[in-house]
1. Report yes if Ala19 is within 21 Å of Gly150 (Cβ to Cβ) and either open to solvent by 20 Å² or more (accessible area, probe 1.4 Å) or in contact with a Lys or Arg (Cβ under 6 Å, 6 or more places away or on another chain) (or both), otherwise no.
2. Under 6 Å by Cβ, and 6 or more places apart or on different chains, what pairs join a residue from region 80-102 that is farther than 12 Å from Val120 by Cα with one that is aliphatic (A, V, I, L, M) and not in a helix (DSSP H, G or I)?
3. Considering (1) of a type in the set (Val, Ile, Thr); (2) open to solvent by 30 Å² or more (accessible area, probe 1.4 Å); (3) modelled with pLDDT under 85, say which one Thr51 fails and leave the rest.
Amino acid sequence: LAELHRPLTALDATILGCANAVLVQARHLTDSPHGFVSEIDPVTGDMIGHTLTEMLQGQCAVEGEERRVVFPRGRDGRYGGLWGHALNTREAFYSNAPQTHPACGGVPEGHLPLERFLAVPVLLDHEVVGLIALSNSGREYAGRDLQAIGRLADFYALAIQRKRVE
């Protein structure tokens, strides 16, 4: 957490920079080779995946200079898939067999296979403002991983709040 102080509190900090710093630490803490950190657009409610192309590492058809990907919220106000389950329920969870999870709808063409999955919603009070998702750790995820990433999510929430105020 101490290593996140500077990237999250610097006067010149950006949401992309904060998301990248959180992703680096989250991947390290959970031994996860893949993951993303996102923000919820306060106007549209869409999820903005700032670091999604980091997760896909060229294995998905996300191209171009713009490194953010928009995942629209459904007409019913809900989000789809495993990551959407964490946002919809406002509950962190993990699955060491994600393909069997009721919210799993598969992965898009070109996406890497999910062997393990962990998602922690980023909350400010009771408002969902982002998500930290990780996948394919070399070991099974456990409750300690949810706790560690939950702490990162708390710090990321404060960074999002600060940037919104600015």
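The values are calculated or read from the model by the stated rules, or taken from the named source; none is laboratory data. On a predicted model such as this, the values are computed, not experimentally measured, just so you know. Because the Cβ atoms are built from the backbone with ideal geometry, glycine has one as well, and the counts that use them run over all protein chains shown. We work out accessible area using only protein heavy atoms, side chains counted, and drop any ligands, DNA or RNA first. Shrake-Rupley method; radii C 1.70, N 1.55, O 1.52, S 1.80 Å.
1. No: the conditions fail for Ala19.
2. Every condition considered, the pairs that remain are Pro98/Leu114.
3. With respect to (1) of a type in the set (Val, Ile, Thr); (2) open to solvent by 30 Å² or more (accessible area, probe 1.4 Å); (3) modelled with pLDDT under 85, Thr51 is out only on (2).
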